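One structure below.
The values are calculated or read from the model by the stated rules, or taken from the named source; none is laboratory data. Since the structure is predicted, the reported quantities are computational estimates derived from the model, not experimental observations. No Cβ is skipped: glycine too gets one built from the backbone with ideal geometry, and neighbour counts run over all protein chains shown.
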Amino acid sequence: MIIAIDGPSGAGKSTLGKRLAKELKLLYIDTGAMYRAVAFACLEAGVNLEEKDAVTKIAKASEITLAGEADSLQVFLNGRDVSQLIRTDVVSQGASLVSTISEVRRRLVERQRELGNQGAGCVMDGRDIGTVVFQNADIKFFLTALSESRAGRRYKEDLEKNRAVRSYEETLADIIERDTRDTTRADSPLIKADDAIEIDSSDLTIDGVLEVMLRIVREKQK
């Protein structure tokens, strides 16, 4: 079973993807972490993220692998554990930039398909899973929420993990900017697949959304 979860930044894709994978005992694939790894590799090498050829060269030379359980996923870049290093605001913003480069997307989509086709199935989240990576996924979810709700969650999460360096207002502005970039890019823009099930989590808890998703999956399994 392949389950695709798409949606804008801060909609809860990663959190719910991990929990869903754990409940269903499936592999969890965080595609956002893969773009973060490319951005991190570029930043560490001093490459300007707007230089498409240089970024593409880094992406093609980077071996990105994922390991571990859903709730303790490790991200390896050329054999080096970068799980924590890719979770900074600078890398996050960089990932949004490199993801607009077509050659980078093609390279990572190829790798994502390789990972997804291994074993008994997977839960994969991102921006174009149901529309590009796995168009024939068994179940497609599109998670969304008001930008204010998403910014509030992201800001709270940053505070809890002691990584908040921006105000709520700055976080909201970043969310809106990323939404614009994701939905207007020429290659694989963020859109809801025609056969995706949309869930608005603006007024729902994570547990509430998970309950809805599990119910839909169980019905599909029957």
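Among residues of segment 41-70 that are on the phi > 0 side of the Ramachandran plot, those with a beta-carbon under 6 Å from a residue that is in a strand (DSSP E or B) and not charged (D, E, K, R) at least six positions away or on a different chain give the pairs Gly68/Gln74.
May I ask you to verify whether Ser147 is under 15 Å from Ser188 (Cβ atoms) and small (Gly, Ala, Ser)? Considered against the rule, which asks whether it is under 15 Å from Ser188 (Cβ atoms) and small (Gly, Ala, Ser), Ser147 comes out as no.
When Ile86, Ile58 are checked against the criterion of being in contact with a Lys or Arg (Cβ under 8 Å, 6 or more places away or on another chain) and either under 29 Å from Glu170 (Cβ atoms) or surrounded by fewer than 21 Cβ atoms within 10 Å (Cβ to Cβ) (or both), a single residue qualifies: Ile86. Taking residues in segment 20-31 that are within 24 Å of Leu108 (Cα to Cα), and partners anywhere that are of a type in the set (Phe, Trp, Tyr), the pairs with Cβ atoms closer than 7 Å and at least 6 places apart or on different chains are Ala21/Tyr28.
Within segment 160-171, restricting attention to residues that are polar (S, T, N, Q) and over 19 Å from the mean Cα position of the chain (by Cα), the residue that is modelled with the lowest pLDDT is Asn162. Scanning segment 90-113 for residues that are modelled with pLDDT under 90 and either surrounded by fewer than 16 Cβ atoms within 10 Å (Cβ to Cβ) or in contact with a Gly (Cβ under 6 Å, 6 or more places away or on another chain) (or both) turns up just one, Gln93. Condition check for Gly116 on (1) closer than 26 Å to Leu43 by Cα; (2) in contact with a Cys (Cβ under 6 Å, 6 or more places away or on another chain): one failure, at (1). Restricting the first member to segment 172-198 and to residues that are under 11 Å from Arg127 (Cα atoms) and at pLDDT 90 or above, and the second to residues that are assigned to a loop (DSSP other than H, G, I, E, B) and among the hydroxyl-bearing types (Ser, Thr, Tyr), the beta-carbon pairs closer than 8 Å and six or more apart or on different chains are Asp179/Ser9. Here Gly119 fulfils each of the conditions (1) surrounded by 13 or more Cβ atoms within 10 Å (Cβ to Cβ); (2) in contact with a strand residue (DSSP E or B) (Cβ under 6 Å, 6 or more places away or on another chain); (3) over 23 Å from Asp200 (Cα atoms) apart from (1). Taking first residues from segment 91-119 that are over 13 Å from Met34 (Cβ atoms) and touching a residue at least 40 places away in the same chain (Cβ under 8 Å) and partners that are of a type in the set (S, T, N, Q) and in a helix (DSSP H, G or I), the Cβ contacts under 8 Å between residues at least 6 apart in sequence or on separate chains come to Ile101/Thr56; Glu103/Thr56. The residue that is nearest to Ser202 (Cα to Cα), counting only those in segment 134-171 that are touching a residue at least 12 places away in the same chain (Cβ under 8 Å) and among the acidic types (Asp, Glu), is Glu148.
When Ala33, Ala45, Ala41 are checked against the criterion of being modelled with pLDDT of 95 or more, touching a strand residue (DSSP E or B) at 6+ places or on another chain (Cβ under 9 Å) and within 24 Å of Leu97 (Cβ to Cβ), Ala41 stands alone in meeting it.
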